[in-house]
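The values are calculated or read from the model by the stated rules, or taken from the named source; none is laboratory data. Because the structure is predicted, anything quoted here is derived from the model rather than measured. Note that each Cβ is placed from the backbone with ideal geometry, even for glycine, and that neighbours are counted across all protein chains shown. Surface areas here come from the heavy atoms of the whole protein model, side chains and all, with no ligands, DNA or RNA. Shrake-Rupley method; radii C 1.70, N 1.55, O 1.52, S 1.80 Å.
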Amino acid sequence: ISTEFIPTWVEASGWRHYRGGRTHPIRVMNLADHSVTKLPWTDSNDSDPAWVGNTVYFLSDRTFTTNLFAYNADTKELKQLTEDIEAAMKARKHAEVIALATKAMKLDPNNPALYYAAGTAHLSLRQNAEAVTAFTTLLKLEPKFAAAYDRRGDAYLKLGKFKEASSIFTHLLD
């Protein structure tokens, strides 16, 4: 039996791309013999490990954008599971943003940033009904996300649903 851990005394930095003394690797301890294995690490912010089967899943900014990684304890293989959605957005590759966000949602369904990225990309592609769905899900997760209300209202306007759009814009003014 093994478990993954980041020592409780570690004070992780909340700074993006921080590479100072508060970055620490994730370690795996074999509870049978107390041996410890350090996961591959490059002074990155690695966090939120979860052990499933023989794989440790965790978030890391080693690619300068936080992505989901998996470390297979048997093969010692490290694999990046999500892609850089931010880069696809900047390149205006809207279909790619939707595909990457959808893939990431399956792994992290409670991440509002993924729904915002997908909704924004749907709006850019004039897929307004899909945008409404993405922003509605986002707002269930983050009810105070004002930009999501604005974008959902915009999608309703483009769908010709003026009553719904008016209600959302009125809510924003309150």
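Restricting attention to the range 109-166 and to residues that are modelled with pLDDT of 95 or more and outside any helix (DSSP H, G or I), the residue that is most open to solvent (accessible area, probe 1.4 Å) turns out to be R126.
List pairs: first residue in the range 152-174 and of a type in the set (K, R), second residue open to solvent by 60 Å² or more (accessible area, probe 1.4 Å) anywhere in the structure, Cβ distance under 8 angstrom, at least six positions apart or on different chains. As it stands, the answer is K158/R126, since those pairs meet every condition given. Polar (S, T, N, Q), modelled with pLDDT of 80 or more and within 20 Å of the chain's Cα centre (by Cα): which single residue out of T23, T55 fits that description? On inspection, the qualifying residue turns out to be T55. For the range 48-62, how many residues are open to solvent by 30 Å² or more (accessible area, probe 1.4 Å) and over 19 Å from M105 (Cβ atoms)? Residues meeting the conditions: 5.
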